[in-house]
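S.K.: Got a structure here, written out as structure tokens. Questions coming.
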Amino acid sequence: MISLDVRLTRKGFELDCALQSDARILAFHGPSGAGKSTLAHLIAGVTRPDSGRIVVDGVTLLDTENRVFLPPEKRRVGVVFQDALLFPHLRVKTNILFGQFFTPKAERRAPFDAIIQTLGVGHLLERWPATLSGGERQRVGLARALLSSPRLLLMDEPMAALDHARRLEIVTLIERLRDEFKTPIVLVSHSAEEIARLADEAAIINKGRIVAQGPPLDVLPGAARLIEGGRFGLINSLVARIAAVDEAYGVTRLSHPAGEILVAARIAQAGEARVAIKATDITLAKAPAETSVRTILRGRIARIEVNGNALAFVTLDLAGGDKLIAAVTRLALDELGLALGSQVYALVKSVALDERIL
Ligand SMILES: Nc1ncnc2c1ncn2[C@@H]1O[C@H](COP(=O)(O)OP(=O)(O)OP(=O)(O)O)[C@@H](O)[C@H]1O
């Protein structure tokens, strides 16, 4: 879907990035000032590199050697930024229709009605942008971007300006866009939890370089040390089957191949639920002892990533195939004699429904 190799020098900042990806959702992640937005701007065409090449979906957007530079409006890269920039003097409907303005008629594949429906903006069409809430503005911005039948949807911190409820709404929406419209997405995000939930691949950018690329759970632990407070942001996201609601105690039991998960809430829905488990809320044990912890998952240590000096991120292969990352001290690992390949139990003190965390 995307292949790029670009260089750009600014005063005090040098970017030199090469990557290839076929991910449905590729995330750019890294510390502030690393160059994530700059890379996004290079793909969108609003910034020119000193040299390089960018190909999306087989179309060359930029090739300095051969003097190719498609201007932003010809790239068909749908752009959604933190603050959806809508034209204030145009009603919502006209703002959305503007999306296809630069798309040649023959290439206008995006179904207006389906987009309006998926994004739930039908009732907003006659409104003025100034009267919309942040979440509504974001949805209108997305509708406009999708209507351009984009080869790629570029989202730069689309959720940063939203509160928790709106954020969840947009996360769910992005999942639907990915599944229903099949538009590849590049998501710039400083939130490890957002990436773990949405992306199938993450590129970690530090000081203008891509320092790692791979499945989120493989590369996020290494990236956590680059980011202030990063270790607190690592959250696992597991899907488990709702087995029973215990009305007397107000808890819900979920069944996962690695063990039972107990959520301290009544879950009204049936079927499956997605739960969030913070890496720092996990204790590792060699055997499940008598404790108050009620979520105990069986796994094997697949990877140990030392973070700074004291802390280690331990990736477990859980029974059933999921991965789980725990943040524990290196001291504890050594004292327990835990190493690669060890069988362990992950004791989880508090499990939340994913919806509450995001
Ligand atoms: N228009 C610009 N002109 C000059 N320098 C810029 C410009 N935009 C960004 N920079 C600089 O380029 C570097 C990379 O910035 P960029 O915005 O790409 O980082 P980022 O990873 O997106 O950071 P953040 O997470 O804080 O948004 C920084 O040193 C920044 O100060």
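The values are calculated or read from the model by the stated rules, or taken from the named source; none is laboratory data. Worth saying up front: this structure is predicted, and the values here are computed from it rather than measured. Cβ coordinates were reconstructed from backbone atoms using ideal geometry, including for glycine residues, and neighbour counts include every protein chain displayed. Calculation scope for accessible area: heavy atoms of the full protein, side chains included, ligands and nucleic acids excluded. Shrake-Rupley method; radii C 1.70, N 1.55, O 1.52, S 1.80 Å.
S.K.: May I ask you to verify whether Ser32 is open to solvent by 70 Å² or more (accessible area, probe 1.4 Å), within 16 Å of the ligand (Cβ to nearest atom), in the same structural domain as Phe181 (by TED's automatic domain parsing) and not in a strand (DSSP E or B)?
M.R.: yes
S.K.: Show the residue pairs that are 6+ apart or on different chains and have beta-carbon atoms under 6 Å apart, the first residue being within segment 275-302 and acidic (Asp, Glu), the second being open to solvent by 10 Å² or more (accessible area, probe 1.4 Å).
M.R.: Asp281/Lys349; Asp281/Ser350
S.K.: On the basis of being in contact with a Lys or Arg (Cβ under 8 Å, 6 or more places away or on another chain) and on the phi > 0 side of the Ramachandran plot, does Ser133 make the cut?
M.R.: no
S.K.: Give me the pairs: first residue in segment 66-83 and modelled with pLDDT under 90, second residue open to solvent by 80 Å² or more (accessible area, probe 1.4 Å), beta-carbon distance under 7 Å, and six or more apart or on different chains, which are they?
M.R.: Pro72/Val46; Glu73/Phe102; Lys74/Phe102
S.K.: Among the listed residues Arg144, Arg139, Arg127, which satisfies the condition of being over 21 Å from Glu73 (Cα atoms) and either assigned to a helix (DSSP H, G or I) or assigned by TED's automatic domain parsing to the domain that holds Asn95 (or both)?
M.R.: On inspection, the qualifying residue turns out to be Arg127.
S.K.: Hey, among the residues in segment 185-207 that are more than 13 Å from Ile174 (Cβ to Cβ) and charged (D, E, K, R), which one's farthest from the ligand (Cβ to nearest atom)?
M.R.: Filtering segment 185-207 for residues that are more than 13 Å from Ile174 (Cβ to Cβ) and charged (D, E, K, R), the one farthest from the ligand (Cβ to nearest atom) comes out as Glu201.
S.K.: From (1) open to solvent by 50 Å² or more (accessible area, probe 1.4 Å); (2) aliphatic (A, V, I, L, M); (3) over 28 Å from Gly341 (Cβ atoms), pick out the condition that doesn't hold for Val306.
M.R.: With (1) open to solvent by 50 Å² or more (accessible area, probe 1.4 Å); (2) aliphatic (A, V, I, L, M); (3) over 28 Å from Gly341 (Cβ atoms) applied to Val306, the lone miss is (3).
S.K.: Against the definition (modelled with pLDDT of 90 or more, out of contact with any Cys (no Cβ under 7 Å at 6 or more places or on another chain) and surrounded by fewer than 20 Cβ atoms within 10 Å (Cβ to Cβ)), how does Thr291 come out, yes or no?
M.R.: no
S.K.: Output the residue which, of all residues in segment 171-217 that are assigned to a helix (DSSP H, G or I) and without any contact (Cβ under 8 Å) to a residue 12 or more places away in the chain, is surrounded by the most Cβ atoms within 10 Å (Cβ to Cβ).
M.R.: Thr172
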